[in-house]
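Just below is one structure, and these are the notes that go with it.
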Amino acid sequence: MRIGQGFDVHAFGEGDFVVLGGVRVPHHRGVVAHSDGDVVIHALCDAIFGALALGDIGRHFPPSDERWRGADSRRFLRHAALLMSHHNYALGNADVTVIGESPKVGPHAEAMRAILAEDLSCDVGRISIKATTTEKLGFAGRGEGIAAQACVLLERA
């Protein structure tokens, strides 16, 4: 077995939605990002890459590369899934926590779980999506941005 953890953060900017776990979530702000800024998928990819000892998401999809401008982060997750398979690992489980005061994650959590399970070719029961606030402390508490952390357990396939 291998364990990996990941973290991602994006500042809020102009826009009227954020993408979380592949789901377009209505919000009074967007995020500032090179790709679609999906903190859930970015943290999850980093956790998978870390468990495989393959660096981080920036190594695989550099923000300096214009090919990834505005990219759908699900492409990144499918790449992570392919690398898991190539290294003879499968997802045991993934646990993701979204950190921020808004938007509310609960109404979208099941859709996120379904999308992540589809891209990782696993049962939805292996994916956990949770959310927490920072009690109005720090950048997330002040509404300046949103973050996510992820932990994965990979098992030999």
Flagged pairs (Cβ under 8 angstrom, 6 or more apart or on separate chains; first in region 97-123, within 18 Å of A47 (Cα to Cα) and without any contact (Cβ under 8 Å) to a residue 24 or more places away in the chain; second basic (K, R) and crowded, with 17+ Cβ neighbours inside 10 Å) are A117/R126
Within region 76-89, the residues that are surrounded by 14 or more Cβ atoms within 10 Å (Cβ to Cβ), without any contact (Cβ under 8 Å) to a residue 60 or more places away in the chain and either touching an Asp or Glu at 6+ places or on another chain (Cβ under 9 Å) or over 15 Å from D119 (Cβ atoms) (or both) are F76, L77, R78, A80, A81, H87
When restricted to A94, A80, A150, A71, the only residue under 21 Å from G55 (Cβ atoms), modelled with pLDDT under 95 and either in contact with a helix residue (DSSP H, G or I) (Cβ under 8 Å, 6 or more places away or on another chain) or in a loop (DSSP other than H, G, I, E, B) (or both) is A71
Of F7, F12, the only residue that is in contact with a Lys or Arg (Cβ under 7 Å, 6 or more places away or on another chain) and outside any helix (DSSP H, G or I) is F12
Within region 131-142, is there a residue that is on the phi < 0 side of the Ramachandran plot and either in a strand (DSSP E or B) or under 14 Å from the mean Cα position of the chain (by Cα) (or both)? yes
The one condition F49 fails out of (1) assigned to a helix (DSSP H, G or I); (2) touching a Gly at 6+ places or on another chain (Cβ under 7 Å); (3) in contact (Cβ under 8 Å) with a residue 60 or more places away in the chain is (3)
Taking first residues from region 3-28 that are in contact (Cβ under 8 Å) with a residue 24 or more places away in the chain and surrounded by 14 or more Cβ atoms within 10 Å (Cβ to Cβ) and second residues anywhere that are among the basic types (K, R) and not in a strand (DSSP E or B), the pairs with Cβ under 9 Å that are 6 or more apart or on different chains are F12/R29; V18/R29; G21/R113; G22/R74; V25/K104
Checked region 57-68 for anything touching a residue at least 24 places away in the same chain (Cβ under 8 Å) and either exposed (fewer than 15 other Cβ atoms within 10 Å of the Cβ) or part of a loop (DSSP other than H, G, I, E, B) (or both); matches are F61, P63
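The values are calculated or read from the model by the stated rules, or taken from the named source; none is laboratory data. Note that the structure is a prediction, hence the values are computed from the model and not measured. Backbone-built Cβ (ideal geometry, glycine too); neighbour counts: all protein chains shown.
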